[in-house]
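Right, one structure below, let's go through it.
The values are calculated or read from the model by the stated rules, or taken from the named source; none is laboratory data. Given the structure is predicted, the values throughout are model-derived calculations rather than measurements. Note that we place each Cβ from the backbone using ideal geometry, even for glycine, and neighbour counts take in every protein chain shown. Each accessible area value is taken on the protein alone, full model and side chains, heavy atoms only, with ligands, DNA and RNA left out. Shrake-Rupley method; radii C 1.70, N 1.55, O 1.52, S 1.80 Å.
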Number of protein chains: 2
Amino acid sequence: MKVQPETPERLRALIGQDVDAIETPALVVDLDAANRNLQRMVEFAAKHRLRLRPHAKMHKSAEFGRLQLQAGAVGLCVQTVGEAEAMAAGGINDLFITNEVVSVAKLRRVASLAHQLKVRGGQLAIAVDSAEGVERLAQAMQLTNAVIDVFVEVDIGQGRCGVAPGEAALQLARLIARRSASLRFAGLQAYQGGAQHLRGVAERRAAIGIAAERLDATRRLLVAGDMAPPVISGAGTGTFAHEAASGLWTEIQPGSFLFMDADYLRNERDPAQPQFEPALFVKSQVISVGAGHAVCDAGHKSHAIDSGLPMVLAPPGQTPLEFANGGDEHGVLRPLNGGGTLPALGETVWLIPGHCDPTVNLHDHLIVVRGGVAAGRVEAVVPVDARGAW
Amino acid sequence: MKVQPETPERLRALIGQDVDAIETPALVVDLDAANRNLQRMVEFAAKHRLRLRPHAKMHKSAEFGRLQLQAGAVGLCVQTVGEAEAMAAGGINDLFITNEVVSVAKLRRVASLAHQLKVRGGQLAIAVDSAEGVERLAQAMQLTNAVIDVFVEVDIGQGRCGVAPGEAALQLARLIARRSASLRFAGLQAYQGGAQHLRGVAERRAAIGIAAERLDATRRLLVAGDMAPPVISGAGTGTFAHEAASGLWTEIQPGSFLFMDADYLRNERDPAQPQFEPALFVKSQVISVGAGHAVCDAGHKSHAIDSGLPMVLAPPGQTPLEFANGGDEHGVLRPLNGGGTLPALGETVWLIPGHCDPTVNLHDHLIVVRGGVAAGRVEAVVPVDARGAW
């Protein structure tokens, strides 16, 4: 068995076509809504004097990254080396890998990218949470004459990566500062991912309150140890107003706000935040109609279900529908309240995916429309540059 | 915004390398185990005088499709037009789209593919479940002088696509036979997807027993109406021994048996079936170690969780670990029974994904190894030709 060339991807739509012509299942972005979401976030960050560094793990697209930088973002966050490479290939020069990398081969790619961005006048940053991670990074950086910004990740409550708050963070910051001139201690990575999808505003506020106490204790220790963190970066779409209110964070990293998803829409709305609109949709088509249900062509290959099933858009005057997954290629639609009319064979059904990040990762292209999903036109077909990037 | 060229995919491994060298997260196939699984299924089908038409929606790879045909499969099933095109591009000539297609643009592709396969001495088949579906298909087939095999899908219990058992199937078969010389009534598509993952053998047998009654009533009606179905196709990895025992089905369509997954391994083993081995693994690396947990680099982008979380392979003498998803790029590992040793930073952790089909769909390549995942070598890097194909 040998490597085969890739089958070329067929495009689901062409620029200028009506929304009606988009072949299904397709991932469609309402650009007007996304632009409004972006403008609201930029205004929020400016008002609170926060640097905005949106997380590109959500859209995985250099095109949307450039849009964010043009609107005022200072750079982008990414979660993998491959995402950083894809964004750099698309012209983004200021990137922060908000994750730990310990593979020697990947760290060589990190060093190479740090060099490339330096030549272009940009900057690469990365997170670490162990002395061995610092050592491996320092060894890889010997291959270049670039300097990489290194953030100490602190576990402020998510229970995933990160050193414990306090002394461990100070020790790691000192190690970074003394280990190599190629490493620059850049600050703290402090993200409470577990708080983003708590349903109630009060719960989210409380979770970030606890996180902020842990972060502040750590920050004070670093300041006292003459290792004051130049930047404290973190926060997500569910909680960023609370991080802002704490006065501790200097940079925010929200991703989902641009497109939104059904799971964030299920959160209790926080009046301290701007209101974001759904801008990401799966266009599907009814391919079968049974006695009490219809079947559309959107299943596990069209949208991720790790944060719940998609919502079905209900046009005015039509029966609200409930979505049940029917496998990789099928969604089963039933009237939400029992009665009503099912959509007919061939009809379009629009879904709001449960979770934007892994949904985008299932698609090669974002079909970008203007004028809304009901009656708009295709403005662009944007590649998901970092789909599957590792 | 304009279309951007794709970023080239980096390969995670090269042919001939040790398994140790495979970059993570990677989807790895144990070819020895997959070949044994295939041989067992071929023997089962031969013994029961059943045509074996494995479902390529699972592996999405023409290379594995060719392997199945060489071993004795009569052709492949696919679930989308794009999967059929990808398999045809890879040299497979006998394909059955076991799903309804109603989009006019897609039906043009169906007609074009039917023509292409005819020229090559092959044959295309498709399922329908509505008079309108037959009409749309007939109109598209006017564009060619090929004949397409048309199966009437009967809903024998899954509650997804398909006409109701009985009279509706006869009416649709008659419509196919009289509507156009380009359509040939080929038989019944009868798949009980809902029975595959019932945990107990008795439950699965009972579900297929009910399905078989519905199918038999339908078959008798067709025979009495002079529309005897030439082929009755269906069955999956969870139940195919029961379909075989019924004597009704003439062709079986299992997919997962080749690679297997954690969810099928959680089924009570059926002594009427050959035993299949896990052959599909995610190789991951520990990137962070906390107080009571370790974090590996495999999350929602590495494996699908619609049928449950991955199992962690426990090498002899090592602590059995439990996997919790930590987002798109992270898995959180804890000792299964509380105590024991966590894997160290940089160590390899092997996972058995919950569900093979949507997991394969997340990857561009299958890294195929010989000699097992613990100490083998890379035999091939096989593209997932039909990843995302629609």
TODO: Heads up, I need the accessible area for B:Asp155: 1.4 angstrom probe, whole protein in place, Å², nearest 10.
DONE: 40 Å²
Open item on the list: Taking beta carbons within 10 Å but only from partner chains, what does the mean come to for residues B:380-390?
Closed with: 5
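Report, in debye and to the nearest 20, how large the dipole of the protein assembly as shown comes out about its Cα centre when Lys and Arg carry +1 and Asp and Glu carry -1 on their Cβ.
With only Lys, Arg, Asp and Glu charged at Cβ, the dipole is about 720 debye.
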Task: Efficiency of FRET between B:Gln142 and A:Ala374 - r from beta-carbon atoms, R0 35 angstrom, step 0.05 - done: 0.60
- [ ] Amide H neighbours of B:Gly331 under 5 Å, at least 5 residues apart or on other chains, H built in the peptide plane: list them.
- [x] B:Cys296, B:Asp297, B:Ala298, B:Gly326
TODO: Place the label 7 angstrom along Cα→C-beta at B:Gly340 and in each other copy, then list the distances from the first to the rest in nm, shortest first.
DONE: 4.8
Task: Förster-model FRET efficiency, 41 Å R0, B:Ala344 and A:Leu14, C-beta, rounded to 0.05 - done: 0.20
Open item on the list: Looking only at chain B, where both bridge partners belong to it, what percent of the DSSP beta bridges are antiparallel (to the nearest 5)?
Closed with: 50 percent
Task: Shielding by partners - mean other protein chain Cβ count within 10 Å, residues of A:91-104 - done: 2
Task: Euclidean distance between Cα centres, the stretch B:28-58 to the stretch B:315-378, Å - done: 25 Å
Open item on the list: Quick check on my link table: of B:Lys57/B:Lys301; A:Lys47/A:Lys283; A:Lys57/B:Lys283; A:Lys60/A:Lys283, which ones sit more than 26 Å apart, alpha carbon to alpha carbon?
Closed with: A:Lys47/A:Lys283
Task: Estimated 222 nm signal from helices in chain B, with DSSP H stretches of n ≥ 4 weighted -39500 (n - 2.57), rounded to 500 - done: -9500 deg cm²/dmol
Open item on the list: Among A:Pro320, A:Pro278, A:Pro310, which one shows the highest mean-square fluctuation when chain A is modelled as a Gaussian network with alpha-carbon springs under 10 Å?
Closed with: A:Pro320
Open item on the list: Rounded, prolate or oblate for the protein assembly as shown? Axes are the square roots of the Cα gyration tensor eigenvalues, ordered a ≥ b ≥ c, and the cut-off for rounded is a/c under 1.5.
Closed with: prolate
- [ ] Apply 1/(1 + (r/R0)^6) to the Cβ-Cβ distance of A:Ala46 and B:Ala71, taking R0 = 60 Å, and write down the FRET efficiency to the nearest 0.05.
- [x] 0.40
Task: A:Asn337 versus B:Asp32: modelled label distance in nm, points set 7 Å from Cα along the beta carbon direction - done: 6.2 nm
Open item on the list: I need the shape label for chain A. Rule: rounded when a/c is under 1.5, else prolate if a/b > b/c, else oblate, with a, b, c from the alpha carbon gyration tensor.
Closed with: prolate
TODO: Provide an ascending nm list, one decimal, of label-point separations from A:Leu143 to the equivalent residue in each further copy; define each label point as 7 Å from Cα along Cα→Cβ.
DONE: 4.9
Task: List A:Lys47, A:Lys118, A:Lys106, B:Lys57, ordered by accessible area with a 1.4 Å probe, largest first - done: A:Lys47, A:Lys118, B:Lys57, A:Lys106
TODO: Place the peptides B:174-180, B:108-114 in order of packing, highest mean first, counting for every residue the other Cβ atoms within 10 Å and averaging per peptide.
DONE: B:108-114, B:174-180
Task: Ranking by accessible area, most exposed first, for B:Glu203, B:Glu23 with a 1.4 Å probe - done: B:Glu203, B:Glu23
- [ ] Please give the length that would be gained between A:Arg184 and A:Arg199 if that part of the chain were fully extended, namely 0.36 nm times their separation in residues minus their C-alpha to C-alpha distance (nm, one decimal).
- [x] 1.6 nm
- [ ] Specify whether the C-alpha gyration tensor of the stretch B:1-146 places it in the rounded, prolate or oblate class, a ≥ b ≥ c being the square roots of the eigenvalues: rounded for a/c under 1.5, otherwise prolate if a/b is larger than b/c and oblate if not.
- [x] oblate
Task: Per-residue ³J(HN,Hα) for the stretch A:352-360, Karplus 6.51 cos²θ - 1.76 cosθ + 1.60, θ = phi - 60°, Hz, x for Gly and Pro - done: 9, x, x, 9, 5, 4, x, 5, 4
Task: Backbone HN-Hα couplings from phi across the stretch B:340-349 [Karplus 6.51/-1.76/1.60, Hz, Gly and Pro as x] - done: x, 9, 7, x, 7, 3, x, 5, 8, 10
- [ ] List the distances, in nm to one decimal, from the label point of B:Gln318 to the label points of the same position in every other copy, shortest first, placing each label point 7 Å from Cα along the Cα-to-Cβ direction.
- [x] 5.0
Open item on the list: Going by average Cβ density within 10 Å per residue, which order do the peptides B:60-69, A:36-45 take, highest to lowest?
Closed with: B:60-69, A:36-45
Task: Percent RCO, i.e. relative contact order, over chain B, from Cα pairs under 8 Å lying at least 6 residues apart - done: 22 percent
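Per-residue mean of other chain beta-carbon atoms within 10 angstrom of the beta-carbon, peptide B:155-163?
Details: counts 3, 0, 0, 4, 8, 10, 9, 3, 2.
What the average comes to for B:155-163 is 4.
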